[in-house]
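The values are calculated or read from the model by the stated rules, or taken from the named source; none is laboratory data. Everything numeric in this text was worked out from a predicted model, so none of it was measured. Here the Cβ positions follow ideal geometry from the backbone for every residue, glycine too, while neighbour counts run over all protein chains shown. We work out accessible area using only protein heavy atoms, side chains counted, and drop any ligands, DNA or RNA first. Shrake-Rupley method; radii C 1.70, N 1.55, O 1.52, S 1.80 Å.
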Amino acid sequence: MIRAVSSARSRTIATVLLLAVCGAVSCGGEQGENVTPLNSGGTMIVVQPEEPTTLFPPLLTSSAGLGIVNGIFDRLAEIGPELNVSGDRGFTPRLASAWQWASDSLSIAFTLDDKARWHDGAPVRADDVRFTFGVYTADVIGSDLKSVLGNIDSVSVRDSVTAVFWFKRRMPHQFFEATYHMYILPSHLLASIGMDKLTDAPFATAPVGTGRFRFASWERGVRLDVIADTANARGRANLDRVIWSFVKDYGTATVKLFAGEADFYEAIRPENIPEAARSTNLRLQPAPTLQYGLLVFNLGARGDSTVPNPIFSDVRVRRALAMALDRVKMARNVFDTLGAVSLAAAPRALIPDTVALRQLPYDPVAARALLDSAGWVLAAGDSVRTRDGVRLTFEVLAPQSSLARQRYATLLQEQLRGVGVEVRTRIMAGPAIGAQVMALNFDAFVWVWGSTPGRLGMVQTWGSRGSQNMGAYRSRAFDALLDSALVAFDDAESKRLWTATLQQLIDDQPAIFLYEPQTPVAVHKRIRTAPLRPDAWYANLADWSIDPAQRIDRDRIGLGGPR
């Protein structure tokens with residue numbers, strides 16, 4: 001079957017908006033694709049309290065660099081706003097203009113757009129696609145995305161503009177695997193470097209891509225600029241320039257936003273929302289996300305995942321800790337109306353049947369009974385439970401950059417004290433927490449996971465061999481359910497299996513699922529945004545524009561103008 005794909009994008013705009021967020025202010029418009037903008041121009045500044053360490057796509061896992069890379073590079077095809085991952089429904093062309101499925105569905109041949117060019121002018125070729133797959137799956141590169149590409153056996157070159165993906169088995173999300181997880185890389189610039197040297201090559205900090213923005217400059221610790229690719233096959237970006245302004249913390253980012261030194265801020269805090277709502281220059285725009293916050297337990301001993309953790313290896317203890325927490329009250333305390341209790345190891349948007357999931361209740365009495373049954377008893381006159389002379393105490397890490405997670409750490413400490421559990425909180429820089437977690441030198445930490453459409457990221461975060469399974473969770477029952485859910489084509493069976501998969505995690509409690517953030521983004525009123533996709537607000541950044549009548553001095557900076 002040959003699928004020639006229309007380039008028209010079906011867009012949806014969120015219709016429900018909190019009164020305190022948007023009021024009567026328009027939340028933006030949209031620009032058409034494949035059309036040279038009549039009113040192109042202007043500069044937008046994105047303030048960001050985290051700076052990427054690299055722009056090499058296979059090594060990007062945090063949001064710090066993904067917005068930049070998404071503008072510079074292209075996938076073969078782009079997922080639609082509905083985020084459907086079954087088959088190729090809803091996908092639109094990027095570097096591929098068409099694709100053909102084999103009769104047995106075990107291969108897909110992608111025909112590349114013959115007008116697509118790298119920013120240095122070289123044509124995009126099928127060799128680029130084959131090379132890209134090799135990079136993403138090379139052990140020496142160490143990409144976290146390798147684990148979600150395991151069903152792709154190989155990529156071959158049929159001719160200069162046709163790349164063929166070969167799959168190990170037929171699965172509903174084959175097309176999604178082949179497109180969503182890989183930004184195509186230029187083999188003519190990278191193949192001669194050597195795979196073991198790619199991550200340290202100059203390309204990682206000054207990349208050449210095919211996107212509607214091209215890399216311009218990077219002043220470490222200060223800013224990174226991308227500019228419109230005026231010769232792009234899909235039409236130049238509406239904006240002339242996008243500047244990523246890097247600051248040290250969230251407070252500084254907020255100051256820059258309110259001072260008029262930035263036009264967009266993704267991570268505005270709940271306590272700053274009233275001031276932003278009163279601003280004459282800003283609007284608050286709904287921004288659905290695929291994130292959920294959680295308390296991750298280390299199920300192995302510190303420094304050795306092969307040895308059971310003396311506290312958290314017992315599921316009774318983990319379930320008791322979850323039942324001792326009033327998660328509804330916690331979410332209200334931290335977020336007011338801009339957060340909700342997390343239901344499972346996925347945001348609501350990706351849960352096929354939220355009603356069917358059986359939640360652990362808030363029940364401190366039952367929590368105490370479970371701890372008693374696990375041997376952790378509270379002696380008369382003591383405030384902390386013990387077992388064999390060992391106190392039931394552990395440390396919770398939370399990042400300096402997130403006031404919400406710091407508050408959750410404090411609330412955990414307060415509420416667990418009520419069932420005889422002592423919690424010590426430790427606030428650290430995010431990278432420092434990452435280093436502790438990678439070394440398994442932690443008890444528990446409060447974190448936020450960003451999910452991928454279709455729940456495929458659960459292979460990484462919860463699968464026994466997942467590259468981001470930070471808590472060393474191992475469950476044959478979960479792995480079997482996950483594997484079955486991933487290969488189910490029938491909608492009803494898929495729904496049943498995904499519900500069972502998520503329920504297994506609720507029952508096992510390798511982490512306590514705490515909250516889903518629902519905070520808006522802050523945007524300067526002169527910016528016209530395209531719809532914000534839940535998995536990536538920046539997905540349609542090239543279609544954002546600035547009303548010529550509302551431009552300010554920095555909007556008049558030309559492509560060759562001053563920095």
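Answer rounded, prolate or oblate for region 229-301, using the Cα gyration tensor with square roots of eigenvalues a ≥ b ≥ c: rounded when a/c is under 1.5, else prolate when a/b is larger than b/c, else oblate. Cα axes put region 229-301 in the oblate bin.
Which value at 222 nm does the chain reach when only helices count, each DSSP H run of 4 or more adding -39,500 (n - 2.57), with the total divided by all residues and rounded to the nearest 500 deg cm²/dmol? When only DSSP H runs of four or more count, the value is -7000 deg cm²/dmol. A Förster radius of 51 Å, combined with the Cβ-Cβ distance separating R89 from S383, puts the computed FRET efficiency at roughly 0.35. Relative to the longest principal axis of the Cα atoms of the chain, the long axis of helix 476-486 lies at roughly 30 degrees. By the gyration tensor of its Cα atoms, with a ≥ b ≥ c the square roots of the eigenvalues, what is the shape of region 342-431: rounded for a/c under 1.5, prolate for a/b over b/c, or oblate? Note, shape of region 342-431 comes out oblate. Computed about the Cα centre, the dipole magnitude for the chain is approximately 560 debye when only Lys and Arg (+1) and Asp and Glu (-1) carry charge, each at its Cβ.
If R0 is 60 Å, what FRET efficiency do you get for R170 and S217 from their C-beta distance, rounded to 0.05? About 0.85, to the nearest 0.05. Taking 0.36 nm per residue of separation and subtracting the current Cα-Cα distance, fully stretching the chain between A206 and S105 would add 32.6 nm. Between H188 and A429, the contour length at 0.36 nm per residue exceeds the Cα-Cα span by 82.9 nm. Fully extending the segment from K197 to R407, taken as 0.36 nm per residue of separation minus the present Cα-Cα distance, adds 71.4 nm. Please report, as a whole percent, how much of the solvent-accessible surface of region 35-120 comes from carbon and sulfur atoms (probe radius 1.4 Å). On region 35-120, the fraction of accessible area on carbon and sulfur atoms equals 48 percent.
Using a probe of 1.4 angstrom and keeping all protein chains present, the accessible surface of the chain works out to 41 square angstrom per residue.
Once both labels are positioned 7 Å from their Cα atoms along Cα-to-Cβ, the gap between V355 and D153 label points is 4.3 nm.
Using the alpha-carbon positions of the chain, Rg (one decimal) and Dmax (whole number) come out as 24.3, 79 Å.
Label-to-label distance for A439 and R554 is 3.9 nm, based on points extended 7 Å past Cα in the beta-carbon direction.
A prolate overall shape is assigned to region 64-109, the ratio a/c of its alpha-carbon gyration tensor axes (a ≥ b ≥ c) being 1.5 or greater and a/b exceeding b/c. Taking every C-alpha pair closer than 8 Å and separated by at least 6 residues, the mean separation divided by the residue count of the chain gives a relative contact order of 21 percent.
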